[in-house]
Amino acid sequence: MHKVSVNLDKRSYDIKIEKCLLAVIGKEVRALSKADKVAIITDANVDFLYGDKLQKTLEAVDFIVQRIVIEPGEKSKTLQTLDDVYARMAAFGLTRSDLVITFGGGVVGDLGGFAAATFLRGIDFIQVPTSLLAQIDSSVGGKVAIDLPSGKNLVGSFYQPLGVLIDPDLLTSLPKRYLHDGLAEAIKYGCIRSEDLFAKLQGIKDDEELLANIEVIIKECCEIKARIVENDEFDTGERMVLNFGHTLGHAVEKYYNYETYTHGEAVGIGMVALTDKTEKMGITKKGSTALIRNILEHYGLPTEALLEKEDVLKTIALDKKKKGGEITIVILEKIGNARLLKIPYTDLKHYI
């Protein structure tokens, strides 16, 4: 088992990574919680594949279990779905001494984590991420949120889990597109903090080799994020560097109504678009854009999308990184080294 600790004083927790962990996850959960009841928040796809297995391992250590199943996809990250989840948590009789487990990808983790953070003013929760994107990124760090019609993750909180339990074997059931979707976030980590990780991802020949090395890749990504979160839990400074590619990426997702590009695909498009501009401006080392474009294409990820600039600017106007008349963007100096750049919002058009 690999273990990564996130050190946040009283909110500290461990990320545990081990193949076949799902089979014995009840014991891990029981070690973290004395709850009587557990509400599993999951989506229909994950529930069909693994819901019974998770419920049985929890019941084996004397939890009373209720599964709350939502529809898969970003369109479930809404106030309407959240309202239904609240109602089912209340009907189950959850108390503040009970537990929520978010069992799914980023949508489930975000929505379920926000439900845990706000129901009864806060119930303990544990993340059990099932997609690569969730295992290396969204399950770590305590950001939980839902979307509004006007933008992504506009209603949310910082609420740390009791722990994150990762079984890389769950990735074998992912469609190829969604396995590679998560790789866009791994590539992001390489871009912002680790030239070695970037090179490692460049050298992987196929998905078979990827899955053979996936535990180490997950661990390296989680370690990068953990160290950044420890320095800036509430996203007021250094943690913003994790948003490389996201300012434009979120605009891409919304422009296409969350139907054409996955989150990782949109982030990849955002990384290429911004780096292409900053390289031409002399901010980024020459050749960086080509390196990012080539590695994304190696994994079958898109590198461009057609958008109207004015629509992009309207979306970014609601971005959480915008404060007053300024916005902070993440730019590369070179692969493995990113920094924050605060600019007047009116200058953003020059970076798109």
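Only residues that are of a type in the set (A, V, I, L, M), touching a His at 6+ places or on another chain (Cβ under 9 Å) and farther than 16 Å from His180 by Cβ were counted across the range 267-326, and they come to 2. Quick one: would you say Asp147 is over 11 Å from the mean Cα position of the chain (by Cα) and crowded, with 24+ Cβ neighbours inside 10 Å? Yes; evaluated as a whole, the condition is true for this residue. Do we have any residue at all in the range 274-286 that's under 27 Å from Asp207 (Cβ atoms), modelled with pLDDT of 95 or more and not β-branched (Val, Ile, Thr)? Within the range 274-286, not a single residue is under 27 Å from Asp207 (Cβ atoms), modelled with pLDDT of 95 or more and not β-branched (Val, Ile, Thr). Looking only at residues that are within 18 Å of Gln160 (Cβ to Cβ) and touching a strand residue (DSSP E or B) at 6+ places or on another chain (Cβ under 7 Å) in the range 230-266, which one is surrounded by the fewest Cβ atoms within 10 Å (Cβ to Cβ)? That would be Phe234. Aliphatic (A, V, I, L, M) and at pLDDT below 95: is that true of Leu148 in this structure? Answer is yes for this residue.
I need a count of the residues in the range 78-106 that are assigned to a helix (DSSP H, G or I) and among the hydroxyl-bearing types (Ser, Thr, Tyr). Residues that pass the stated criteria total 2. The single condition among (1) touching a strand residue (DSSP E or B) at 6+ places or on another chain (Cβ under 6 Å); (2) of a type outside the set (D, E, K, R); (3) assigned to a loop (DSSP other than H, G, I, E, B) that Gly141 does not meet is (1).
Of everything in the range 194-229 that is among the basic types (Lys, Arg) and more than 24 Å from Ile316 (Cβ to Cβ), the residue that is surrounded by the fewest Cβ atoms within 10 Å (Cβ to Cβ) is Lys205. Here the range 88-112 is the region considered, the condition is being small (Gly, Ala, Ser) and touching a helix residue (DSSP H, G or I) at 6+ places or on another chain (Cβ under 9 Å), and the residue that is surrounded by the fewest Cβ atoms within 10 Å (Cβ to Cβ) is Ala90.
The values are calculated or read from the model by the stated rules, or taken from the named source; none is laboratory data. As the structure is a computational prediction, the values presented were derived from the model and not from experiment. Every residue, glycine as well, gets a Cβ built from its backbone with ideal geometry; the counts of neighbours run over all protein chains shown.
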